[in-house]
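Please treat every number below as a calculation from the coordinates, not as lab data. In this text the structure is predicted, and so the values were computed from the model without any measurement. A quick note on method: Cβ atoms are made from the backbone with ideal geometry, for glycine too, and the neighbour counts reach across all protein chains shown.
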Amino acid sequence: MNLKDPTLLKTSCLVGGEWTSSADSRTIPVNDPADGLEVATVPRLDIGTVRKAIDAAHAAFPAWRARPAKERSAILRRWFELVVANADDLAQILTAEQGKPLAEARGEIISNAAYLEWFAEEAKRVYGDVIPSSGSSSRIVVLKQPVGVCAAITPWNFPNGMITRKAGPALAAGCTLVLKPASKTPLSALALAELAQRAGVPPGVFSVVTGDASAIGMEFSHNPKIAKITFTGSTEVGRWLLKEMADGVKRASMELGGNAPFIVFDDADVDAAVEGAMISKFRNAGQTCVCANRIYVQAGIQDRFAEKLVAKVRELKIGRGTEPGVQQGPLIDMKAVEKMEEHIRDAQEQGAEVVVGGQRHALGSSFFEPTVMRGVTQGMKVTHEETFAPLAALIRFETEAEVIGMANDTDVGLAAYFFSRDLARVWRVAEAIEAGIVGVNSGLIANEMAPFGGVKQSGMGREGSKYGIEDYLEIKYVCMAGI
Ligand code: ADP
């Protein structure tokens, strides 16, 4: 790494405004997925120190919530500006620990810094209500107040972006936040914490703790000072956290796994559909929770779509994220490689064929060839498990009713995409599909102005948009009588 500002590479945790190591000096290595080499180590914090971060968040809460919204807004705005100003360094840190191409890392940072900007603005618009009551001598007043101390747990696929979309609304609402980033990618989180400090976020308002995930998850779930947990990650871990939090009846926002259908109807603009599939499927090497997982193509354009998609996939440049022009880096680890191989093998055994790719890449490590398979059917693993890898599985269908049935035949519902130029069909399918986010004629739809979140077992709550801040607010009804 060749950072313009080397002080952004932090290897200790921010606990109540102090850079802190574990009391027993234990650490976790952070490795570059491109070669497995150690980039840095971060603390494996003892639980006593994690509790200190929670105590500090609890102590900081009364003053932070009492700050005029305009002041909280100004601090968030400064944080946003600092993230943008340091985007090149943040991108290098991100690529070193996560592997994605530098341009994509920079894109993640800029597009997600926008959540800090957006919620800096929304901080000033937390409006209540005055509601006419049944009697003339009273009024119903509705106040919106911060939930309290929040804990966030974030994944490795967007090491920077998954943080700003939680910290932005939490701090804007007047909550304080303790964050546990993914152990594979903590350096992006610590760099963000450094910038938060520089922006004037007061001690305790935003802390970052690294360490054993389940021990910290347990502490967050049972510590009575924590009012809410916001989590992005696997459905399995989300479900476990919900069970653990149940005793304390804590608030929860859960952004869990998806299994996005991507449907191409006969009447689609095929080139646009191929573009959409490329971005939705192969961005971040297929490691996003909104990645197309099952690509349903109507019989009439199957061959045309497949040919064009395969041609584009062949052009993808694979390599280390730091090399110019690279479009796909390594997968996060060998477990991810093995899962992709298992999905390919399972599909092949049931009659599907690999048209391009299908093998570990000659570059070694966790590099994998971007892959397209044809002849995939509904019963295969790749259609009912989230692959989280650069594997495009093409499934043929005949009718709209059939494909809606297949698309909804899953217990998760985060993103869905379809391509069609028939306006009536667009409405019908958008309304019928069971997903929290639907892309019509687009494969890239997340942004800070829109609500992001899932239905079914993909979770609860929304990030971004005017709805995003509601997840960090409680409604209080005040009956004003004797007027
Ligand atoms: P992924 O499969 O994307 O790694 P995980 O759900 O395993 O998704 O990880 C998402 C986040 O949850 C990471 O920060 C990880 O460290 C954390 N995590 C994993 N297991 C637990 C757990 N038992 N309790 C709390 N957090 C956990």
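When a/c is below 1.5 the answer is rounded, else prolate if a/b is larger than b/c, else oblate, so apply that to the range 421-483 with a ≥ b ≥ c taken from the square roots of the Cα gyration tensor eigenvalues. Numbers along the way, then the final one.
On the way: a/c = 2.78, a/b = 2.25, b/c = 1.23.
Taking the square roots of the gyration eigenvalues as a ≥ b ≥ c, the range 421-483 is prolate.
Taking only DSSP H segments of four or more residues, each worth -39500 (n - 2.57), what value at 222 nm results for the chain once the sum is divided by all its residues, to the nearest 500 deg cm²/dmol? If you can, show how the numbers build up before the last one.
Working: 15 runs with 187 residues, N = 483.
About -12000 deg cm²/dmol.
Give a quick list of trypsin sites (Lys or Arg not before Pro) in the range 1-54 that DSSP marks as loop, anything other than H, G, I, E or B, with at most 14 other Cβ atoms within 10 Å.
Working: sites: Lys4, Lys10, Arg26, Arg44, Arg51, Lys52; in loops: Lys4, Lys10, Arg26, Arg44.
When the trypsin sites (Lys or Arg not before Pro) of the range 1-54 are filtered for loop state and at most 14 Cβ neighbours within 10 Å, Lys4, Arg26 remain.
Among Ser465, Ala424, Pro390, flag the residue with its Cα farthest along the positive direction of the charge dipole of the range 365-483, charges on Cβ as +1 for Lys/Arg and -1 for Asp/Glu.
Value computed over the given set: Ala424.
Report the gain in length on full extension from Asp346 to Ser133: 0.36 nm times residue separation, minus Cα-Cα distance, nm rounded to one decimal. Present the calculation step by step, with values, prior to reporting the outcome.
Numbers: separation 213, 0.36 × 213 = 76.68 nm, distance 6.25 nm.
Contour length minus the Cα-Cα distance gives 70.4 nm.
Any of Lys10/Lys52; Lys100/Lys124; Lys166/Lys317; Lys10/Lys124; Lys180/Lys335; Lys100/Lys339 with alpha carbons more than 25 Å apart? Name them for me.
On the way: Lys10/Lys52 19 Å; Lys100/Lys124 35 Å; Lys166/Lys317 33 Å; Lys10/Lys124 32 Å; Lys180/Lys335 22 Å; Lys100/Lys339 19 Å.
In this structure, Lys100/Lys124; Lys166/Lys317; Lys10/Lys124 exceed 25 Å between Cα atoms.
Work out, step by step, the length gained on full extension between Ala85 and Arg360: first 0.36 nm times the residue separation, then minus their alpha carbon distance; give nm to one decimal. Don't skip to the answer; put the middle values down first.
Details: separation 275, 0.36 × 275 = 99.00 nm, distance 3.74 nm.
Full-extension gain reported as 95.3 nm.
Arg396 to Leu423: extension gain in nm, 0.36 nm per residue of separation minus the Cα-Cα distance? Mind dumping the intermediate values first?
Working: separation 27, 0.36 × 27 = 9.72 nm, distance 2.24 nm.
So the extension gain works out to 7.5 nm.
Restricting to bridges with both residues inside the range 273-415, how much of the DSSP beta-bridge set is antiparallel, in percent to the nearest 5?
Values: 4 of 13 bridges.
Here the share of antiparallel DSSP bridges comes out near 30 percent.
If you take the square roots of the eigenvalues of the alpha-carbon gyration tensor of the range 1-58 and sort them as a ≥ b ≥ c, do you get rounded (a/c under 1.5), prolate (a/b over b/c) or oblate?
oblate
Sorting check: for 225-236, 428-439, which peptide has the highest mean count of neighbouring beta carbons within 10 Å, and how do the rest follow?
Details: 225-236: 21.3, 428-439: 18.4.
Highest mean packing first, the order is 225-236, 428-439.
Counting DSSP beta bridges in the chain, what percent are antiparallel, to the nearest 5?
Details: 30 of 68 bridges.
Around 45 percent antiparallel, to the nearest 5.
Net charge near Pro101: determine it from the other residues with C-beta under 13 Å of the C-beta of Pro101, scoring Lys and Arg +1 and Asp and Glu -1. Intermediate results must be reported in sequence, preceding the final value.
Values: positive: Lys100, Arg106, Arg283, Lys317, Arg320; negative: Glu104, Glu108, Glu323.
Around Pro101, the surrounding residues sum to +2.
Where a ≥ b ≥ c are the square roots of the eigenvalues of the C-alpha gyration tensor, would you call the range 144-220 rounded, which needs a/c under 1.5, or, failing that, prolate if a/b is larger than b/c, or oblate?
Working: a/c = 1.70, a/b = 1.26, b/c = 1.35.
In terms of gyration-tensor shape, oblate.
Divide, for the chain, the radius of gyration over alpha carbons by 2.2 N^0.38 Å, where N is the residue count.
Details: Rg = 23.1 Å, N = 483, 2.2 N^0.38 = 23.0 Å.
That ratio works out to 1.00.
Using only Cα atoms, figure out Rg for the range 63-205 and give it as a multiple of 2.2 N^0.38 Å. Kindly include the intermediate steps, with their values, before the conclusion.
On the way: Rg = 17.5 Å, N = 143, 2.2 N^0.38 = 14.5 Å.
Relative to the rule-of-thumb radius for its length, the range 63-205 sits at 1.21.
Is there a quick way to get the dipole size of the chain? I mean about its Cα centre, with the Cβ of Lys and Arg at +1 and of Asp and Glu at -1; what is the value in debye to the nearest 20?
Working: 52 positive and 58 negative charges, 326 e Å.
Charge dipole, the chain, about its Cα centre: 1560 debye, nearest 20.
Cα-based Rg of the range 230-341 per 2.2 N^0.38 Å, rounded to two decimals? List each step's numbers first, then the result.
Working: Rg = 18.0 Å, N = 112, 2.2 N^0.38 = 13.2 Å.
The reported ratio for this selection is 1.37.
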